[in-house]
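Participant: Questions regarding the structure given below will be posed in turn.
The values are calculated or read from the model by the stated rules, or taken from the named source; none is laboratory data. None of these values were measured; they are calculated from a predicted model. Ideal geometry is used to build each Cβ from the backbone, glycine not excepted, and the neighbour counts take in all protein chains shown.
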């Protein structure tokens, strides 16, 4: 399986329930050892917080040898929260990826509210261990086009939107493979 000689970073962004994790897992399965997954929202906090996480090394973005990095952004939070996730760090981490000579492919995954609700309930809502309403609240930032996330102004850097409504994870992953040439 060739990914061409270019080092790539595939960014999957979108609200809870649009299929980011499913697509990520399918791409990882397809790429095998030639891909590394990095969940920036889980590890990209303010100040030194990100360095204290044992499962993440800041240098992973710079020094990763895998041809493909699968970067996942669960959602962006408005400014002022204690842990604004990757939202506040977009200029920094995009700059790191560029300095590492990665070709960056950003994707925004969206879906109809009914699909999002069904997926969230299927995933973890029936046992009520997870607050599905909280997840839907996060999704509403996207629905209302809240200016919560901005990529830095980079010539030729365009995020592609993929509507996952009624689509299988495989079809979305195949679309991403086609666009990125993996």
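Participant: Take the range 97-156 and flag every residue that is exposed (fewer than 12 other Cβ atoms within 10 Å of the Cβ) and modelled with pLDDT of 85 or more.
Facilitator: Passing the criteria: 99, 101, 114.
Participant: Among (1) modelled with pLDDT of 95 or more; (2) more than 23 Å from residue 98 (Cβ to Cβ); (3) surrounded by fewer than 16 Cβ atoms within 10 Å (Cβ to Cβ), there is one condition residue 179 misses while meeting the rest; what is its number?
Facilitator: Against the list (1) modelled with pLDDT of 95 or more; (2) more than 23 Å from residue 98 (Cβ to Cβ); (3) surrounded by fewer than 16 Cβ atoms within 10 Å (Cβ to Cβ), residue 179 comes up short only on (2).
Participant: Please go through the range 157-176 and pick out each residue that is out of contact with any helix residue (DSSP H, G or I) (no Cβ under 7 Å at 6 or more places or on another chain) and either modelled with pLDDT under 65 or in a helix (DSSP H, G or I) (or both).
Facilitator: Those that are out of contact with any helix residue (DSSP H, G or I) (no Cβ under 7 Å at 6 or more places or on another chain) and either modelled with pLDDT under 65 or in a helix (DSSP H, G or I) (or both): 171, 174, 175.
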